[in-house]
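Enquirer: For reference, the structure I am asking about is given below.
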Amino acid sequence: MKPFDYVAPTTLDEAVHALAGNPAARVLAGGTDLLAQLKGGRRETPLVVDVKRIPDLLSIRMEEGGLRLGAAVPCIRIATNPDVRAQYPALAEVASLIGGTAIQGRASIGGNLCNAAPSADAVPLLIVLSAVARVAGPGGIREIAVEDFCVAPGKNALGEGEFLVDLFLPKPAAGFKAHYLRFIPRNEMDIAVVGVGVSATVTDGQITTARLALASVAPTPLFVREVTEALVGKAPSAEAIAGAAALAEAAAKPISDMRAPAEYRRHLCGVLSRRALTAVLQ
Amino acid sequence: MKKTYVSMELNGEPVEFLAEPSQTLLECLRDTLHLTGTKEGCGDGNCGSCCVMLDGTLVTSCLVLGVEAEGRTVKTVEGMATGAKLHPLQKAFIDHAALQCGICTPGFLVAAKALLDQEPDPSEERIRLWLANNLCRCTGYDKIVRAVQAAAKEIREEKQAQ
């Protein structure tokens with residue numbers, strides 16, 4: 001790696017100060033993306049700001065109204081946390097399918113979001129869980145809905161000097177379920193050819209909330225708002241699910257690459273959407 | 001670039017060293033502290049041959065900066081044996097011929113120990129999934145899985161006998 005300076009602030013203010021006026025500085029959480037990029041020469045930086053000594057970024061806590069998940073909490077802690085497993089089982093599951101065991105010891109869901117890969121497994125699920133990102137920077141603290149966080153491949157909505165502090169996940173209502181499904185040609189440790197996150201609430205036999213988001217079929221993780229409009233107010237049925245899956249398939253804008261041709265990806269969007277919606281609406 | 005002073009606990013002993021911020025923990029272990037048991041394979045987190053325990057969590061030391069280890073606890077393959085007595089996993093790898101060139105072995109041993117320390121009786125599927133982050137390009141995985149199963153059994157029996 002090319003030489004760089006390193007600081008490990010212990011408060012949000014110190015981190016904001018370290019990043020101020022240094023647009024090429026990089027934030028280090030688990031390092032599974034950043035250090036690989038620096039080692040591979042795909043990125044250079046004069047300054048690495050390690051945020052893992054700031055308590056807010058490493059805490060998982062239940063709050064009034066939901067869960068606050070520190071941006072640098074490694075996947076292994078998310079997957080094994082009792083509150084996460086009880087209240088957000090789909091999040092625990094997604095944390096256990098990003099990378100292998102040793103990568104999960106470092107990689108964070110916050111980093112998965114900030115890295116803004118179209119294929120990020122956690123992002124469709126965060127979108128359907130209605131997660132809100134809390135961001136600190138020179139202008140203070142602000143919030144960004146997760147569906148607005150990724151703006152282009154590898155580019156996020158963070159402004160100069162800003163960094164992700166944590167994610168807030170609203171408490172699931174009674175009857176709420178969420179699920180993430182992906183297709184990979186191997187059994188584990190692979191990049192999604194297509195990923196589908198869905199959530200829905202069924203109250204008294206009627207769908208009251210529904211969200212669907214896709215991975216690996218657009219320049220960013222894709223929130224398919226039409227699915228919400230199509231499902232809310234209906235009773236769960238095979239027809240309703242098939243209609244919503246067709247909307248997901250139509251919304252996808254896949255490309256052909258070494259992992260799959262575009263037509264195959266589009267077809268998978270429909271298949272996985274139908275399966276994932278069936279899982280949450282049954 | 002100016003070096004940074006780092007103090008950490010390594011295999012139960014306090015150590016101190018100087019590291020450039022851009023040096024990985026793997027480089028610090030091998031080149032500065034001369035513990036060459038931990039191997040570099042791919043250098044980008046895919047192969048698992050550089051696995052160590054950092055504060056009780058399995059990590060690939062090629063994707064950790066040495067300076068991040070300040071105040072932390074690190075355990076490497078060198079910390080597995082007790083004096084001349086090999087850890088049951090080390091002995092089982094020899095007995096089951098679970099290695100050929102041996103480059104991947106320290107990573108497999110550290111990763112397998114991390115599993116058995118928290119799950120004394122994992123299924124074969126669980127062992128294979130847990131070790132999916134460790135690549136071996138010569139032995140094939142069957143002998144490694146058999147060795148882990150044999151070591152798990154021995155450790156359980158040792159515990160029962162106590």
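For every residue, the table says whether it meets (1) at the interface with another protein chain (Cβ under 10 Å from one of its Cβ atoms); (2) free of Cβ contacts under 8 Å to residues at least 40 places away in the same chain; (3) closer than 22 Å to A:R77 by Cα; (4) not basic (K, R).
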site	(1), (2), (3), (4)
B:Q23	yes, no, no, yes
B:C28	no, no, no, yes
B:T32	no, yes, no, yes
B:L35	no, no, no, yes
B:N46	yes, no, yes, yes
B:C51	yes, no, yes, yes
B:V64	yes, no, yes, yes
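Enquirer: When you check A:P23 against the structure, is it within 16 Å of B:V67 (Cα to Cα) and away from every other protein chain (no Cβ under 12 Å), yes or no?
Expert: No; evaluated as a whole, the condition is false for this residue.
Enquirer: Considering every residue within the stretch B:73-81, establish whether at least one is away from chain A (no Cβ under 14 Å) and free of Cβ contacts under 8 Å to residues at least 24 places away in the same chain.
Expert: Looking through the stretch B:73-81, at least one residue is away from chain A (no Cβ under 14 Å) and free of Cβ contacts under 8 Å to residues at least 24 places away in the same chain.
Enquirer: Still on this structure, please answer the following. Residue under question is A:D83, and the condition is that it be touching a residue at least 24 places away in the same chain (Cβ under 8 Å) and either charged (D, E, K, R) or not assigned by TED's automatic domain parsing to the domain that holds A:V194 (or both); does it hold?
Expert: no
Enquirer: Considering each of B:L131, B:L109, B:L115, B:L99 in turn, give the residue that is buried (at least 19 other Cβ atoms within 10 Å of the Cβ), away from chain A (no Cβ under 11 Å) and outside any loop (DSSP other than H, G, I, E, B).
Expert: B:L109
Enquirer: A follow-up question, please. Here is a check on your reading of the model: is B:T57 in contact with a Ser or Thr (Cβ under 7 Å, 6 or more places away or on another chain), among the polar types (S, T, N, Q) and facing chain A (nearest Cβ under 8 Å)?
Expert: In short, no.
Enquirer: Let me ask another. If we scan the stretch A:91-99, do we find a residue that is away from every other protein chain (no Cβ under 14 Å), in contact (Cβ under 8 Å) with a residue 40 or more places away in the chain and surrounded by fewer than 24 Cβ atoms within 10 Å (Cβ to Cβ)?
Expert: No, that holds for no residue.
Enquirer: Would you confirm, using the coordinates I've provided, whether A:V49 is crowded, with 19+ Cβ neighbours inside 10 Å, within 14 Å of chain B (Cβ to nearest Cβ) and touching a helix residue (DSSP H, G or I) at 6+ places or on another chain (Cβ under 6 Å)?
Expert: It is true that A:V49 is crowded, with 19+ Cβ neighbours inside 10 Å, within 14 Å of chain B (Cβ to nearest Cβ) and touching a helix residue (DSSP H, G or I) at 6+ places or on another chain (Cβ under 6 Å).
Enquirer: Right, another one. Considering only the stretch A:93-165, give the strands (runs of 3 or more DSSP E) lying wholly within it that have at least 3 residues that are over 13 Å from the mean Cα position of the chain (by Cα).
Expert: Those strands (runs of 3 or more DSSP E) span A:132-137, A:140-145.
Enquirer: Of all residues in the stretch B:70-96, which are under 27 Å from A:A29 (Cβ atoms), more than 10 Å from the chain's Cα centre (by Cα) and assigned to a loop (DSSP other than H, G, I, E, B)?
Expert: Answer for the stretch B:70-96, where residues must be under 27 Å from A:A29 (Cβ atoms), more than 10 Å from the chain's Cα centre (by Cα) and assigned to a loop (DSSP other than H, G, I, E, B): B:E70, B:G71, B:R72.
Enquirer: Contact list please: Cβ distance under 8 Å, first residue in the stretch A:110-122 and outside the structural domain of A:V151 (by TED's automatic domain parsing), second residue in a helix (DSSP H, G or I), pairs at least six apart or on different chains.
Expert: none
Enquirer: Kindly list, by first and then second residue, each pair from a residue in the stretch A:242-255 that is assigned by TED's automatic domain parsing to the domain that holds A:V193 to a residue that is assigned to a loop (DSSP other than H, G, I, E, B) and not β-branched (V, I, T), limited to pairs with Cβ atoms under 6 Å and residues at least 6 apart or on different chains.
Expert: Final answer for the pair search is A:K253/A:A218.
Enquirer: While we're on this one: Among (1) assigned by TED's automatic domain parsing to the domain that holds B:K153; (2) at negative phi, which single condition is B:A97 missing?
Expert: (2)
Enquirer: Quick check on my filter: what residues within the stretch A:52-90 are in contact with a Gly (Cβ under 7 Å, 6 or more places away or on another chain) and either surrounded by fewer than 22 Cβ atoms within 10 Å (Cβ to Cβ) or within 12 Å of another protein chain (Cβ to nearest Cβ) (or both)?
Expert: Hits for the stretch A:52-90 are A:D56, A:L58, A:S59, A:I60, A:A72, A:P74, A:I76.
Enquirer: Residues of the stretch B:132-162 being free of Cβ contacts under 8 Å to residues at least 24 places away in the same chain and either of a type outside the set (S, T, N, Q) or farther than 21 Å from B:L86 by Cβ (or both), which ones?
Expert: B:A132, B:G140, B:Y141, B:D142, B:V145, B:K153, B:E157, B:A161
Enquirer: Name the one entry in B:K3, B:K39 that is closer than 22 Å to A:V48 by Cβ, of a type in the set (D, E, K, R) and either surrounded by fewer than 17 Cβ atoms within 10 Å (Cβ to Cβ) or touching a Cys at 6+ places or on another chain (Cβ under 9 Å) (or both).
Expert: Answer to the check: B:K3.
Enquirer: Continuing with this model, one more query. On the basis of being farther than 24 Å from A:R85 by Cβ, touching a residue at least 12 places away in the same chain (Cβ under 8 Å) and in contact with a Leu (Cβ under 8 Å, 6 or more places away or on another chain), does A:E188 make the cut?
Expert: Answer is no for this residue.
The values are calculated or read from the model by the stated rules, or taken from the named source; none is laboratory data. Bear in mind that the values here come from a model prediction, so they are computed numbers and not experimental data. All Cβ positions, even for glycine, are placed from backbone atoms using ideal geometry, and neighbour counts span all protein chains on display.
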